[in-house]
Amino acid sequence: MSAKRAKALRAGLDPDFHELLVQLSKTASATTQRNLLAAEVQSLRLLAAAPPSKSKASKSRLLVRAMFCEMMGFDTSDFAYLQAVTLCQDSRNLFEKRLAHLVAAIFMQSGHELSLMMTNTLQRDLCSSNVFEVAMALGVVAATATTDMIPSLVRFVEQCLKHDNEMIRRKALLTLHHFYRIDPEAMQPYIKKMKRCLADPHPGVMSAALVALHTVVLAQPSAHGSLAPAVVHILRQILEHRLDVSYNLHGVPAPFEQVNCMRLLALFEPLSAVVEDAITQTLLDALHKVDTNQQDNVAYMVMLQCVETLAVRRGTQGALREVWEMLLRLFQSESGIDQHVAIEGIIVLAKQRPDMVRGQEHGLIAAFEEHGDDTVLRHGILTALESMCSDTDAAVALVPLFVAHIRSLVGEGNMALQAQVADGLLAHVQRYPGMDPVAKSKALLDAFAELSDPCRRRLTNTIRVWAADGMLSKEMGVVYALGWLADEALPSHKIWLAVWMCGHWRAVQAVDALTGVLELARQHDATVDPELVAHTIETSMRLCTLPGAAFGFAIVAAVRAFEGSGNIAVANRVRQFMEAATANGAFTKPSATF
Amino acid sequence: MIDLQKRKIRLTKWFTSDWSPKEKSKIVRDVSQTVLARKAKMCNVLEFKEFKVVYRRYASLFFVVGTDVDENELLMLEIIHRYVEVLDKWFMNVCELDIIFNFQQAYTIMDELLIGGELQDTSKRAVLNTLKRIDETEKQEAANQPFI
């Protein structure tokens with residue numbers, strides 16, 4: 001036995017797996033890593049087909065290695081899933097059962113068809129006298145259950161709600177919550193039992209009930225208003241330090257439970273005056289207990305949720321003013337996360353109580369200019385400013401910020417956010433019909449120019465519609481189009497739109513620029529979209545046939561260079577162009593001279 | 001969980017099955033690239049497609065959580081911290097190698113902390129006690145295991 005294998009065995013590790021991990025750690029190349037893992041999957045496949053030993057221990061070793069490969073994105077379903085299911089059924093001891101359940105929970109996350117085969121095993125484990133077997137089974141059910149499995153498992157999970165052990169009751173409740181998320185209709189009869197868990201003597205179960213009931217109340221806020229006094233009572237008890245200190249974090253009493261209570265309170269429909277007063281007073285007490293000077297995420301977590309709930313519940317003016325001052329103090333902080341929290345709070349207040357935040361735009365705009373490199377903060381500030389925007393003048397002032405934000409996102413390469421901001425700008429300019437059409441058009445064209453090429457298509461249709469409706473003026477459009485044709489490199493959607501704009505407005509002066517586009521396209525033959533070439537040739541033909549225009553030598557030569565094109569659309573356009581050029585006398589022979 | 005220096009994924013866990021394995025790999029790749037490109041003083045929350053990504057850095061490891069946009073992001077940050085605290089207590093001063101060579105234990109700890117994507121127990125002591133009881137019961141049942 002080699003020294004390495006002996007070392008791995010002494011450490012309690014499978015030597016082959018240990019070797020794989022060491023090789024993966026040493027390699028810096030992603031390709032080498034992929035090859036190593038692919039080879040590992042293949043060797044596991046062969047091992048599963050012809051195992052050297054039929055022992056459960058060797059099966060366990062194989063499953064751990066398969067689990068690792070699956071985690072790294074390699075599919076092992078053809079050989080490992082069934083092994084996991086059989087090990088779940090045949091495991092001899094707690095270790096093997098735990099491993100089998102862990103592996104099954106990871107493998108069958110996608111609602112794999114084999115998860116149905118585990119139903120009987122799970123039913124048996126859910127009725128086990130061993131607490132850990134029940135707990136593991138509940139974990140697997142929560143990870144793998146599908147709508148088909150719910151009817152056969154829900155009774156067993158419901159029985160676990162009455163278990164003596166709080167861990168089982170807690171897991172059972174969250175498993176029922178998972179069932180509710182995937183099939184709310186089937187779980188309607190069990191909502192009452194979930195509500196009863198709110199009064200469980202163990203705080204862990206009560207805490208889990210807050211999480212589960214959040215989803216239930218979110219679906220039907222009007223039907224569960226009776227829960228509000230109970231939730232307020234729980235929050236009050238937490239603030240009075242009635243929970244065990246092990247639930248505290250950084251001096252804040254049970255912060256997760258506080259946040260869950262507040263999230264639940266934000267969902268209820270308007271309640272009676274007495275209950276609303278109790279909610280407001282309790283939330284204010286929670287806010288006073290939060291020490292924002294300690295600059296701790298836990299404190300901010302509670303504070304942010306407090307702000308959101310107070311704003312939604314139409315808290316008193318005094319309470320919200322206090323909140324606003326706290327947010328402004330946070331916004332002055334140098335920490336990015338503090339500013340983010342402040343921005344999130346401002347956005348909530350701006351949406352729910354715009355009267356509170358009016359007049360504060362200048363500070364936010366200054367912060368936007370200052371944080372040029374933090375696109376997330378800028379995005380939050382822009383969202384807050386948009387929420388605070390109440391008139392056309394403010395809307396016009398925001399437009400350059402949208403364009404600046406797009407520019408910084410392009411620098412970062414964040415396509416998803418670029419698309420979101422582009423859509424946001426479109427919605428923003430359309431929300432204010434009184435905005436000057438010139439300002440609107442300029443906004444859209446500037447944004448279009450700044451965006452990355454794949455995101456530009458989001459604005460193309462709107463620009464074309466505005467051009468057709470006359471909202472986008474010819475003078476502005478042609479200037480932009482000619483500028484883009486001169487500056488832009490191929491391939492680019494910007495060029496496509498510029499060509500379209502020139503054709504739409506019959507800009508005869510663009511023929512030279514279109515010639516340049518075709519010459520560039522010829523140089524980048526392999527990468528240029530044939531549709532762009534065909535579009536440019538067609539537009540050139542339309543422009544050259546206008547009164548006062550002619551088929552110049554340069555444009556004819558540029559189009560002729562595509563005569564041998566294999567693309568049908570391009571070949572057709574070239575043919576049409578040449579026919580039109582001939583009809584317009586472009587190829588008249590000069591008189592012979594001697 | 002991403003290793004900063006070697007840019008490797010150490011652990012992934014999905015609580016929703018809305019995507020195919022190929023889509024999941026792409027999401028992991030895109031999110032990793034986005035998170036690793038961020039500077040130290042930048043905000044720990046960013047938007048990715050229709051989700052929110054919350055991350056936290058511990059030495060050379062990034063812990064990244066993807067969640068719905070209406071979730072409290074600071075709650076996610078604290079859940080990450082709670083997970084790291086439990087790992088630290090369990091492995092007694094956890095380091096990256098503990099997670100590499102004992103990833104299945106890291107999964108088990110995560111399964112005790114989160115169920116169906118929700119925090120199941122907020123008490124660190126309760127989670128550790130449960131893990132210890134399971135471990136002791138296993139040791140009583142089977143004396144020698146070849147690995148793990």
| request: Once you have a ≥ b ≥ c as the square roots of the Cα gyration tensor eigenvalues for segment A:208-333, tell me rounded if a/c is under 1.5, and otherwise prolate or oblate according to whether a/b is larger than b/c. | output: oblate
| If you take the beta carbon distance between A:Ser473 and A:Ser152 as r and set R0 to 56 Å, what does 1/(1 + (r/R0)^6) give as a FRET efficiency, to the nearest 0.05? | 0.25
| Roughly how big is chain A's charge dipole about its Cα centre, with Cβ charges of +1 (Lys, Arg) and -1 (Asp, Glu), in debye to the nearest 20? | 1820
| said: Taking a cut-off of 23 Å, what percent of all Cα-Cα pairs in segment A:398-516 are separated by more than that? | reply: 27
| said: Given an 8 Å cut-off on Cα distances and at least 6 residues of separation, report the relative contact order of chain A as a percent. | reply: 5
| request: Kindly report the accessible area of segment A:244-402 per residue (heavy atoms of protein chains, probe 1.4 Å, no ligands, DNA or RNA), in Å². | output: 38
| query | Can you give the relative contact order of segment A:323-408 as a percent, counting alpha carbon pairs under 8 Å and 6+ residues apart? | reply | 26
| said: Please report Rg (one decimal) and Dmax (integer) in Å for the Cα set of chain A. | reply: 33.4, 115
| request: Can you tell me the FRET efficiency between A:Ser77 and A:Ala550 if r is taken as the Cβ-Cβ distance and R0 is 51 Å, rounded to the nearest 0.05? | output: 0.15
| note | Per residue, the convex hull enclosing the Cα atoms of segment A:460-530 spans a volume in Å³ of 77
| Spacing of the two label points (7 Å from each Cα toward its C-beta) at A:Lys351 and B:Asp88, in nm | 3.4
| field | Nitroxide proxy distance, nm - points 7 Å out along Cα→Cβ at A:Asp391 and A:Ser43 | value | 7.4
| field | Whole-number D in µm² s⁻¹ for segment B:4-148, Kirkwood Cα-pair radius fed into Stokes-Einstein, 37 °C, 0.692 mPa s | value | 197
| How many percent of the accessible area of chain A is carbon or sulfur, using a 1.4 Å probe? | 53
| task | Using DSSP to define loop residues, name the trypsin sites (Lys or Arg not before Pro) in segment A:127-233 whose beta-carbon has at most 11 other beta-carbon atoms within 10 Å. | result | A:Lys162
| Roughly how compact is segment A:358-435, stated as its Cα Rg over 2.2 N^0.38 Å to two decimals? | 1.04
| said: Quick check on chain A: helices-only [θ] at 222 nm, where DSSP H runs of length 4 and up contribute -39,500 (n - 2.57) each and the sum goes over total residues. Nearest 500, please. | reply: -22500 deg cm²/dmol
| said: If I take R0 = 45 Å and measure r between the Cβ atoms of B:Asp30 and A:Glu19 in this structure, what FRET efficiency does the formula 1/(1 + (r/R0)^6) give, to the nearest 0.05? | reply: 0.90
| query | Per residue of chain B, what 222 nm ellipticity follows from adding -39500 (n - 2.57) for every DSSP H run with n ≥ 4, rounded to the nearest 500? | reply | -15500 deg cm²/dmol
| note | With a 1.4 Å probe and ligands and nucleic acids left out, the total accessible area lost when B pairs with A, in Å² to the nearest 100, equals 6200
| remark: Taking a crude spin-label model, label points 7 Å out from Cα along the C-beta direction, the A:Ser272 to B:Leu11 distance in nm is 4.9
| request: Just add up the charged neighbours of A:Ala48: K/R +1, D/E -1, any other residue whose Cβ is under 13 Å from the Cβ of A:Ala48. | output: +3
| note | Expressed to one decimal in nm², the mean projection of the alpha carbon convex hull of segment A:249-288 is 2.9
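The values are calculated or read from the model by the stated rules, or taken from the named source; none is laboratory data. Since the model is a prediction, treat every value here as computed from it, not as a measurement. Neighbour counts are summed over all protein chains in view; Cβ atoms, including those assigned to glycine, are modelled from backbone coordinates with ideal geometry. Each accessible area value is taken on the protein alone, full model and side chains, heavy atoms only, with ligands, DNA and RNA left out. Shrake-Rupley method; radii C 1.70, N 1.55, O 1.52, S 1.80 Å.
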